[in-house]
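In what follows, a structure is listed as structure tokens, so that the remarks can point back to it.
The values are calculated or read from the model by the stated rules, or taken from the named source; none is laboratory data. These numbers come from a predicted model, not from an experiment. Cβ sites come from the backbone with ideal geometry, for glycine too, and all protein chains shown count toward neighbours.
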Amino acid sequence: MSREVDALFRPFTLNGLRLPNRVVMAPMTRWKSPGGIPGPNVAAYYRRRAENECGLIITEGTTVDHPVASYSTRVPVFHGDAMQGWKRVVDEVHSAGGRIMPQLWHVGISRRPGQDYVNREQPSFSPSGLFLPNKNAVAAPATRAEIRAVIESFATAARGARELGFDGIEVHGAHGYVFDQFFWSPINRRDDEYGGSLENRTRFAVETIQAIRREVGGDYPFVLRISQWKEQDYTARLAHDPGELQAFLSILSDAGVDAFHCSQRRYWQEEFEGSPLNLAGWAKKLSGKPTIAVGSVGLSGELMTRGVHALGQYAEATGIDALLERLERDEFDLVAVGRALLADPAWARKVHEQRFDELLPYSNAALEELF
């Protein structure tokens with residue numbers, strides 16, 4: 001580490017929400033909420049990061065009120081009895097001086113049968129009833145009425161987030177989950193207004209964004225997480241060139257998105273040949289919206305994949321010179337930190353104070369907190 005860290009600790013304002021720095025806690029699924037209800041341990045988990053200069057916390061994915069929104073009874077939900085638990089989370093984070101948003105989630109057809117499977121008698125919700133490209137249909141395509149029900153469930157959840165005191169919301173539109181399943185043409189084979197052209201494939205997301213805006217107003221921060229890759233296909237592309245990406249982002253920006261959370265497996269990888277910009281850099285350049293970069297920040301080593309979940313094996317937290325250089329150029333605006341912040345709740349504070357030799361490595365002990 002040889003650069004000053006000032007770029008990472010400049011304040012930033014997102015649709016009226018003032019953040020003390022550029023450090024964002026990335027959403028990480030934890031399976032720590034039995035019955036879908038976040039307990040005091042979940043509130044304490046987020047509070048520890050807020051106490052240690054994490055500028056914005058985005059919670060683990062929490063599912064909207066729809067019968068097939070989740071794949072596990074241990075993943076927190078965002079409705080019913082769980083809302084009292086989420087109120088505790090908000091209060092703990094705010095009492096520590098932090099800012100927090102829930103990540104609202106619906107997994108769509110990305111559900112796997114198993115011991116912890118929920119609603120096993122219910123068919124999955126998906127654009128075309130497919131699990132993977134080039135596979136036979138395993139369920140009927142979502143009907144218009146079912147699409148409307150999911151839209152309303154997101155709008156209701158967003159209203160609930162504002163009522164509980166969350167500082168904004170993030171909607172998960174990446175990684176092959178429900179909105180991404182409609183975005184991606186190999187999965188979306190519909191021939192109605194929700195399939196075919198880019199405008200049609202984004203319609204479900206656009207209608208959801210608009211419904212959310214009607215519930216929370218225009219002054220409530222709204223982040224949309226996007227990615228090119230899917231959990232089942234790391235080489236997948238929604239946009240093959242900047243022109244395609246611009247068309248995609250423009251539709252979503254016009255619908256009411258304030259910022260794009262641009263998920264990559266490595267934040268330093270260029271998105272399109274001939275330019276050093278990563279996905280967040282291109283998204284900011286093409287949309288004019290603030291962006292969050294994410295992908296192996298502060299980590300070294302290679303990802304190992306077990307099933308559909310990518311787990312990290314990292315020897316040590318590494319320097320962030322390249323990240324700081326990109327922030328100094330304003331290539332993107334915020335930086336989401338995942339496994340490094342999981343391993344060390346004080347990661348942001350230690351980096352700010354340049355105590356790099358005290359950073360805790362990502363380890364099996366960190367996995368225990370995650371899982």
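Yes or no, residue by residue, for (1) farther than 19 Å from Pro67 by Cβ; (2) free of Cβ contacts under 8 Å to residues at least 24 places away in the same chain; (3) in contact with a Cys (Cβ under 9 Å, 6 or more places away or on another chain); (4) in a loop (DSSP other than H, G, I, E, B):
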| site | (1), (2), (3), (4) |
| --- | --- |
| Gly160 | no, no, no, no |
| Phe179 | no, no, no, no |
| Arg190 | yes, no, no, yes |
| Glu199 | yes, no, no, no |
| Tyr220 | yes, no, no, yes |
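Looking only at residues of the range 143-172 that are touching an Asp or Glu at 6+ places or on another chain (Cβ under 6 Å) and not hydrophobic (A, V, I, L, M, F, W, C), we find that the one that is nearest to Gln84 (Cα to Cα) is Arg159. Taken over the range 243-271, the criterion of being modelled with pLDDT under 95, of a type outside the set (Asp, Glu) and over 22 Å from Gly61 (Cβ atoms) is satisfied by Trp268, Gln269. Evaluation of Ala44 against the conditions (1) modelled with pLDDT of 95 or more; (2) of a type outside the set (Phe, Trp, Tyr); (3) under 16 Å from Glu170 (Cβ atoms) shows that the sole unmet condition is (3). Glu271 satisfies every condition listed in (1) among the acidic types (Asp, Glu); (2) out of contact with any strand residue (DSSP E or B) (no Cβ under 8 Å at 6 or more places or on another chain); (3) over 22 Å from Asn200 (Cβ atoms); (4) surrounded by fewer than 19 Cβ atoms within 10 Å (Cβ to Cβ) except (4). Just one of the numbered conditions (1) out of contact with any strand residue (DSSP E or B) (no Cβ under 9 Å at 6 or more places or on another chain); (2) free of Cβ contacts under 8 Å to residues at least 60 places away in the same chain; (3) crowded, with 21+ Cβ neighbours inside 10 Å is not true of Ala50: (1). In the range 95-127, of all residues being at pLDDT 90 or above and among the polar types (S, T, N, Q), the one that is nearest to Pro221 (Cα to Cα) corresponds to Gln103.
This table checks each residue for (1) farther than 21 Å from Arg49 by Cβ; (2) under 20 Å from the mean Cα position of the chain (by Cα); (3) of a type outside the set (Val, Ile, Thr); (4) modelled with pLDDT of 90 or more.
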{"site": "Glu302", "(1), (2), (3), (4)": "yes, no, yes, no"}
{"site": "Gln313", "(1), (2), (3), (4)": "yes, no, yes, no"}
{"site": "Asp321", "(1), (2), (3), (4)": "yes, no, yes, no"}
{"site": "Glu325", "(1), (2), (3), (4)": "yes, no, yes, yes"}
{"site": "Ala348", "(1), (2), (3), (4)": "no, yes, yes, yes"}
{"site": "Glu353", "(1), (2), (3), (4)": "no, no, yes, yes"}
{"site": "Phe356", "(1), (2), (3), (4)": "no, no, yes, no"}
{"site": "Ala365", "(1), (2), (3), (4)": "no, no, yes, no"}
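Can you confirm whether the range 189-210 contains a residue that is at pLDDT below 95, under 30 Å from Glu273 (Cα atoms) and in contact with a Leu (Cβ under 9 Å, 6 or more places away or on another chain)? So far as the range 189-210 goes, yes, one or more of its residues are at pLDDT below 95, under 30 Å from Glu273 (Cα atoms) and in contact with a Leu (Cβ under 9 Å, 6 or more places away or on another chain). In the range 186-198, is there at least one residue being touching a helix residue (DSSP H, G or I) at 6+ places or on another chain (Cβ under 8 Å), surrounded by fewer than 19 Cβ atoms within 10 Å (Cβ to Cβ), more than 24 Å from Glu60 (Cβ to Cβ) and of a type in the set (A, V, I, L, M)? Yes, some residue in the range 186-198 is touching a helix residue (DSSP H, G or I) at 6+ places or on another chain (Cβ under 8 Å), surrounded by fewer than 19 Cβ atoms within 10 Å (Cβ to Cβ), more than 24 Å from Glu60 (Cβ to Cβ) and of a type in the set (A, V, I, L, M).
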